[in-house]
1. Looking only at the stretch 524-531, decide whether some residue is of a type in the set (A, V, I, L, M), at pLDDT below 95 and more than 30 Å from D393 (Cα to Cα).
2. Among the strands (runs of 3 or more DSSP E) confined wholly to the stretch 693-743, which include 1 or more residues that are more than 30 Å from D290 (Cβ to Cβ) and in contact (Cβ under 8 Å) with a residue 60 or more places away in the chain?
3. Being part of a loop (DSSP other than H, G, I, E, B), closer than 30 Å to G516 by Cβ and either in contact with a Phe, Trp or Tyr (Cβ under 7 Å, 6 or more places away or on another chain) or among the aliphatic types (A, V, I, L, M) (or both) narrows it down to one of L141, L95, so name that one.
4. Considering only the stretch 660-680, state which residues are over 20 Å from the mean Cα position of the chain (by Cα) and not aliphatic (A, V, I, L, M).
5. Of everything in the stretch 232-282, what is acidic (D, E) and within 23 Å of the chain's Cα centre (by Cα)? Give them in sequence order.
6. Just one of (1) part of a loop (DSSP other than H, G, I, E, B); (2) without any contact (Cβ under 8 Å) to a residue 40 or more places away in the chain trips up V62, so point out which.
7. Can you name the strands (runs of 3 or more DSSP E) wholly within the stretch 289-374 that have at least 1 residues being farther than 30 Å from F224 by Cα?
8. Can you spot a residue in the stretch 153-175 that is of a type in the set (G, A, S), touching an Asp or Glu at 6+ places or on another chain (Cβ under 8 Å) and either closer than 25 Å to A437 by Cα or not in a strand (DSSP E or B) (or both)?
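The values are calculated or read from the model by the stated rules, or taken from the named source; none is laboratory data. This structure is a prediction, so every number in the text was calculated from the model and none was measured. Ideal geometry is used to build each Cβ from the backbone, glycine not excepted, and the neighbour counts take in all protein chains shown.
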Amino acid sequence: MRMKTLPKQIATAIVISSAAHNLWASTLEEVVVTAQKRSQSVQDIGITMSAFNGDTLKELGVQSSQDIAAYTPNVRIINQFPTSVPTFTIRGVGLNDFNSNNNSAVGVYVDGVYQTSPAMLGFQLFDTERVEVLKGPQGTLYGKNTTAGAINFIAKRPSQETEGNVSVTYGRFNAGRIEAAVGGGITETVAVRAAISHDFSDGNVKNRVTGNDLHDVDKLAGRFLINWQPSQDVDVLLNLHAGKDRSGGPVYYHRGLQDPNDVSQECAPVQAGKYDPSQCVDVYGYSDTDGDLHKVDIDHEPKQKDDFYGMALSVNWDLGWATVDSITAYENYDRFMSEDADASPNALVHDQFDDEITQFSQELRLTSNSEEDFTWITGLYYGKDEVNTVQDDNCTTEFGPPCAFAYYRLDLEQTSEVMAAFLHTEWQFKDNLKLTAGTRYSYEEKKDFHSSTAFSLTEADFYAGNLFIPAYENTDDNVTFSNVSWRLGLDWNVNEDTLAYASVSTGFKSGGFPGGWAFSGPQQLEPFDDEQILAYEVGVKSTLLEQTLRLNAAAFYYDYDDLQVFGVVEVAGLPPVQTLTNSGNAKIKGFEADVNWLVSDGWEIIGGIGVLSTELQDYQGFGGTDASGNNLANAPELTLNATIKRTWHLDSGKIAANVSANYQDKVYFDVFNDELLSEDSYTLYNARIAYSSSEHNYTVGLWGKNITDEEYTGMGFHFRGFPGNSFLNAGMQRTYGVSFDYNF
């Protein structure tokens, strides 16, 4: 693996703060998690994970699921569309498919409920108790089997004490959040908690065609929890939640790929793997030449309209010798999104996505209450989801082929079912040695799949809903997958403050059907197979210097077979073709470490490093494309994060300040490692300073994100041939503002 030099700014900050080392005034707080479905200190669990409590999330300005990645080594979370559909990648394992009928390689759980579709993963974080990030295959314990890891988002529970808070944030682009929560006991056995959050913004992208601000934000979400404890042995929690999104839709940065003298050919810089806006245009001769990622020329201003609601009923029943846990959940998610896919002032390609997603899940667990040397968890999981998708594509016929028709329509239906049984055991066979063993049987079925791509000759035919000319339909409508996964681990308590661990485990992600357009024939709709991982890992967790320094590190090696690869490729005479196929295999190896150090009274350092080496082997893709030997998508070789905190205690309260830096190495957006679909290394800096009263009833603060105004892109795709451009998702520019929190 190639190790790079730390960015000078991060290294300097660490050296300066380390020089302040003095006498330790306090010790680190114990971090308690429920990653293994029982309350445990994170330092006592022989798995690699990161955990953030609600106060830390607020200090770091974390407001959405994708914000977590900046503070977690070897984790990358980036939106497929600039405003939605995040892709989760852990240690190079992920899937950058934006279609709603697929599943993430990372298991994303909200209050214990697995979220089935990528379209559902861009949720707001509010009134949050804790976030837990588990790395490596999750194949033996709970929920759905995944190859990359799991992220658990856990809301604050009701309590008998009446309490609440109001939080207001406001900043650049008239952007902000209003968040409120209140709860308490209403009887001796019933407590409730209600929370609501509203995100808003005028938008951070300027459309030079209309003068309007785009990427505006208007999101509203709410949650109501009812906690009933009829006895000391029974605890029932009902979670009701709903929300809507009326934000502006995705806006892309345009890069022309064609030769201005012959738009049927790619320009010379692109052929050389470079980009020059003065020498490259799209098929209509347009090029965005000013280089400003946040100014565009588009004729169609996109919109977003999402509505969702759901419920989860959790029952915990202590039988004495064991505890029964049941989670019954239902989710409904409706999404409408339009976009200007050609990202130009010409009416070339306009798309819209209309999805309806429903899911039901039931999990039952039985956990031993024994305090002896042997403990176990066993359980059953069932999940069912239905996806209905309509995608419409307005493709101009003025240019001629491949847009021989005015409109295209994709109709897709799919039902998925998953059933699993699992067993997880821990045996303390010596005072300082513990053996962990687990297994899981999974059965998954993708059925009733139907996908068809049809053409319409005229706009009138399209809106009338008739004279569609059928194109290609799938021939298979049902596929099944089964798998037995397992984990073996050994924990060694070297002493009271140091845990060493080693494990070998397997993970499984089922196959399915591609969810994209079928322009090239029914073979595009053939099912893809499941993928598997065999993972080896060793690590150490230690608490040193009289409980003031926490240092955790791990090294890992993955043998990754039949991984599912999504890409957009060019096929002569056709619009860009989406492909989802299995490659041969890949090798992944890496290292990561986290540190939390109370340097002295009022000084604290939090940091992490991730080093990653990935190689795709023996991959022959659709149309003869070859990516053998390439890096995996969304897998930077080096990630770093460092946060320095300083606290001043006053008679009237305290002042707390923090500065954080997050570095990411060069990353490729797809497995073809196209230099035009990549982003060079960059560092983002955030800062916050806040005053809190001595009674802790209010806090007022100033904050800034990306304070050096770094320009970067996070994702992109080629539309080669037609309309002859790339479209890229630009990262957020510098923002700043004020915040106010009131607790009662």
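1. Step one: list which residues in the stretch 524-531 are of a type in the set (A, V, I, L, M), which gives 525.
Pick out the ones that are also at pLDDT below 95 and you get 525.
Going one step further and asking which of them are more than 30 Å from D393 (Cα to Cα), we end up with none.
Checked against the condition, which is being of a type in the set (A, V, I, L, M), at pLDDT below 95 and more than 30 Å from D393 (Cα to Cα), the stretch 524-531 yields no hits at all.
2. Details: elements: 698-705, 713-719, 725-730, 735-743.
Hits in the stretch 693-743: 735-743.
3. Details: L141 fails: closer than 30 Å to G516 by Cβ.
Selected residue: L95, the only one of L141, L95 that is part of a loop (DSSP other than H, G, I, E, B), closer than 30 Å to G516 by Cβ and either in contact with a Phe, Trp or Tyr (Cβ under 7 Å, 6 or more places away or on another chain) or among the aliphatic types (A, V, I, L, M) (or both).
4. Listed by number, the residues that qualify are S660, F672, N673, D674, E675, D680.
5. The initial filter retains those residues of the stretch 232-282 that are acidic (D, E), namely 233, 235, 245, 259, 262, 266, 276, 282.
Passing the criteria: only D245.
6. In the conditions (1) part of a loop (DSSP other than H, G, I, E, B); (2) without any contact (Cβ under 8 Å) to a residue 40 or more places away in the chain, V62 misses (2) alone.
7. Values: elements: 304-318, 322-340, 349-368.
Strands (runs of 3 or more DSSP E) meeting the threshold: 322-340, 349-368.
8. Here is the first cut: in the stretch 153-175, the residues of a type in the set (G, A, S) are 155, 159, 164, 167, 171, 175.
From the residues that got through so far, the ones that are touching an Asp or Glu at 6+ places or on another chain (Cβ under 8 Å) too are 155, 167, 175.
Restricting the remaining residues to those that are either closer than 25 Å to A437 by Cα or not in a strand (DSSP E or B) (or both) gives none.
No, every residue in the stretch 153-175 fails to be of a type in the set (G, A, S), touching an Asp or Glu at 6+ places or on another chain (Cβ under 8 Å) and either closer than 25 Å to A437 by Cα or not in a strand (DSSP E or B) (or both).
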